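The values are calculated or read from the model by the stated rules, or taken from the named source; none is laboratory data. Computed from a predicted structure; not experimentally measured. Here the Cβ positions follow ideal geometry from the backbone for every residue, glycine too, while neighbour counts run over all protein chains shown. Side chains are part of the model used for accessible areas, which takes the heavy atoms of the whole protein and leaves out ligands, DNA and RNA. Shrake-Rupley method; radii C 1.70, N 1.55, O 1.52, S 1.80 Å.
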Amino acid sequence: MKLKPNARFSTVCLHAGQEPDPSTGAIITPIYQTSTYVQDELGKHKGFEYGRTQNPTRLALERNVAAIESGKAAFAFASGMAAIGAIATLLQSGDHVVVSDNTYGGTFRLFERVLRKSGLCFSYVDTSKLDLVEKAITPATKMLFVETPTNPIMTLTDLRQAADLAHGHGLRLVVDNTFASPYVQRPVEFGADLVTHSTTKYLNGHSDSVGGVVIAVRDEDIEWLKFVQNAEGAILGPFDSWLVLRGTKTLPVRMAVHNANGLALAEFLAAHRKVKKVYYPGLPSHPQHALARRQMHGFGGMLAFELGSLEAARTVLNGVRLHALAESLGGVETLISHPATMTHASVPADRRSALGISDGLVRISAGIEDIDDLREDLEQALERV
Ligand SMILES: Cc1ncc(COP(=O)(O)O)c(C=O)c1O
C-alpha cells in the first residue's frame, strides 16, 4: 500500500500515515498502549523512547491529518483547547492577536482569562470585513486567528484574502477549521500557516473522543510545536489517537451526508412560518453565499435559526425527540443546542447580543440520520411553539 503523490482526497483520508504493522501485517495501526520502549542497546533505539514524546498510534494519526489538511506536519493534543493553547506558545509576552469576533466561547475564555495573564493581548474583529482586520493590526500584532464559518452565526471569512493580508503585515494566519472540516475546506490551500481542529468533532465524528490537532507548514513552527507538545505534555493518548484515525477513514462519506442534511434542514427551516431567520452559508439568502461557493465544498452540517424568544427556543429544544439536546457537534448523531446558555454561556451577555446570539437562537449539528426523520422531528417540535 503506497500512496501516489497525486492520490485523491478520500484515498488520502483512508491510507495516509498508515503502513501495515511491521511485526504482524495488521492492516490497522494498533493501539500502542505503552509508556516506554525497550532500547536495543545504550544510545540505540527504534525512534521511540518515552510515551509522551513519541507514540506510533499518535504518529500515524498526525501523519494522516497532516496529509488530509495539505500540511507538512501535525501534532495531536488532549483537546481542541490544548491544541489552541499550544499555538499560543508561538507568541511572546506583549504580542497582539486579531481574532474573529464570533470565535468559539472556549477560545475567547482561554485568550481573555488565561493568556492575558501572560501579557498577550487580543482584539476581536468581524474578520468577514478585512478592512476592519487591517485597522486592528498594530506593530505588536503577530497573528490573525480566524474561524470560518463562525459558531453559531455562520459568518465566513475569505481565506485567500485573509492570508494575503496577514502575510502583507508579517503575521501568521491561523484557522480553526473545526466547524467546516477538511472535506469542506482546506485553509492551507488558501495560504493559512497553521490550522487547528477540535478532533472531538468531524475528524473523529462518532462523539466518543475528545482531542485536538494543529497542522503546520513552516519549518520553524513544526520544530517549535514538536518541542512544546513534549514540553507541556498535553498529548492525545493512544486509544483516542486510534479512534480519530478510524474516524478520518470515513470523513468523506460522512461529510457528504452532513452537507446534504445540513442543506435540507436549512431549506426546511427557511420555509417554516415559525422560524424568523436561518443562518446557513448554503442558502442563497446568506450574505456570503457566493464566497461559500468559492471557498467551500458543500456547506457543512452546522446551522442556526432564530425563533424570536427564549420561550419558543425552550419549547423546540424540549420538544424534539430524535434531535439530542447536547453541546458539541460533528458527530453522526444530530445534536441541537441553545448557544446563549450552553456553548456561549461564558461569553458576556452584551457581547453575545452584539454577535447576534440571542435567547431565541437554536443551533443544529446535522447528523447522518434519514433526512425525513429529522424533518418530521423538527416539524412536530415547531408545531408546539
Ligand atoms: C470551533 C471550536 N474550536 C475549538 C473547540 C474546543 O475543542 P475541545 O472541546 O475539543 O477542547 C471547540 C469545541 O466545541 C470548537 O467548537
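Residue-by-condition table, conditions (1) farther than 25 Å from PRO339 by Cβ; (2) in contact with a strand residue (DSSP E or B) (Cβ under 6 Å, 6 or more places away or on another chain); (3) away from the ligand (no atom under 15 Å from the Cβ); (4) at pLDDT below 95:
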{"position": "TYR50", "(1), (2), (3), (4)": "yes, yes, yes, no"}
{"position": "LEU59", "(1), (2), (3), (4)": "yes, no, yes, no"}
{"position": "MET81", "(1), (2), (3), (4)": "no, no, no, no"}
{"position": "ARG109", "(1), (2), (3), (4)": "no, no, no, yes"}
{"position": "SER128", "(1), (2), (3), (4)": "no, no, yes, no"}
{"position": "ASP131", "(1), (2), (3), (4)": "yes, no, yes, no"}
{"position": "PRO139", "(1), (2), (3), (4)": "yes, no, yes, no"}
For region 1-33, what are the residues that are of a type in the set (Ser, Thr, Tyr), open to solvent by 40 Å² or more (accessible area, probe 1.4 Å) and either in contact (Cβ under 8 Å) with a residue 24 or more places away in the chain or closer than 26 Å to GLY205 by Cβ (or both)? SER10, THR11, TYR32
Note on LEU91: of the conditions (1) more than 16 Å from the chain's Cα centre (by Cα); (2) more than 16 Å from the ligand (Cβ to nearest atom); (3) among the aliphatic types (A, V, I, L, M); (4) over 16 Å from ASP221 (Cα atoms), unmet is (4)
Exactly one of GLU333, GLU306 is acidic (Asp, Glu), in contact (Cβ under 8 Å) with a residue 40 or more places away in the chain, in contact with a strand residue (DSSP E or B) (Cβ under 8 Å, 6 or more places away or on another chain) and within 16 Å of the ligand (Cβ to nearest atom), and that one is GLU333
Flag for SER181 being out of contact with any strand residue (DSSP E or B) (no Cβ under 6 Å at 6 or more places or on another chain), closer than 30 Å to SER358 by Cα and among the small types (Gly, Ala, Ser): yes
With respect to ILE68, is the statement that it is under 21 Å from SER10 (Cβ atoms) and among the hydrophobic types (A, V, I, L, M, F, W, C) true? yes
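To keep it simple, each residue is scored yes or no on (1) acidic (Asp, Glu); (2) within 19 Å of the chain's Cα centre (by Cα); (3) closer than 16 Å to LYS249 by Cβ; (4) in a strand (DSSP E or B).
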{"site": "ILE31", "(1), (2), (3), (4)": "no, no, yes, no"}
{"site": "GLN39", "(1), (2), (3), (4)": "no, no, no, no"}
{"site": "GLY47", "(1), (2), (3), (4)": "no, no, no, no"}
{"site": "ARG52", "(1), (2), (3), (4)": "no, no, no, no"}
{"site": "ASN64", "(1), (2), (3), (4)": "no, yes, yes, no"}
{"site": "SER70", "(1), (2), (3), (4)": "no, yes, no, no"}
Selection from region 365-374 of residues among the charged types (D, E, K, R) and buried (at least 16 other Cβ atoms within 10 Å of the Cβ) yields GLU369
Residue list for region 179-196, filter: within 12 Å of the ligand (Cβ to nearest atom) and either over 25 Å from ILE137 (Cα atoms) or free of Cβ contacts under 8 Å to residues at least 60 places away in the same chain (or both): PHE179, ALA180, SER181
What is the residue count in region 197-222 for residues that are among the small types (Gly, Ala, Ser), more than 10 Å from the ligand (Cβ to nearest atom), buried (at least 24 other Cβ atoms within 10 Å of the Cβ) and within 19 Å of MET302 (Cα to Cα)? 1
Could you list, in sequence order, the residues of region 264-290 that are farther than 20 Å from GLU369 by Cβ and of a type outside the set (A, V, I, L, M)? ARG273, LYS274, LYS276, LYS277, TYR279, PRO281, PRO284, SER285, HIS286, PRO287, GLN288, HIS289
Take the conditions open to solvent by 20 Å² or more (accessible area, probe 1.4 Å) and within 16 Å of the ligand (Cβ to nearest atom) and apply them to SER241. Does it pass? no
Scanning region 63-79 residue by residue, the ones that are away from the ligand (no atom under 16 Å from the Cβ) and either open to solvent by less than 60 Å² (accessible area, probe 1.4 Å) or modelled with pLDDT under 95 (or both) total 7
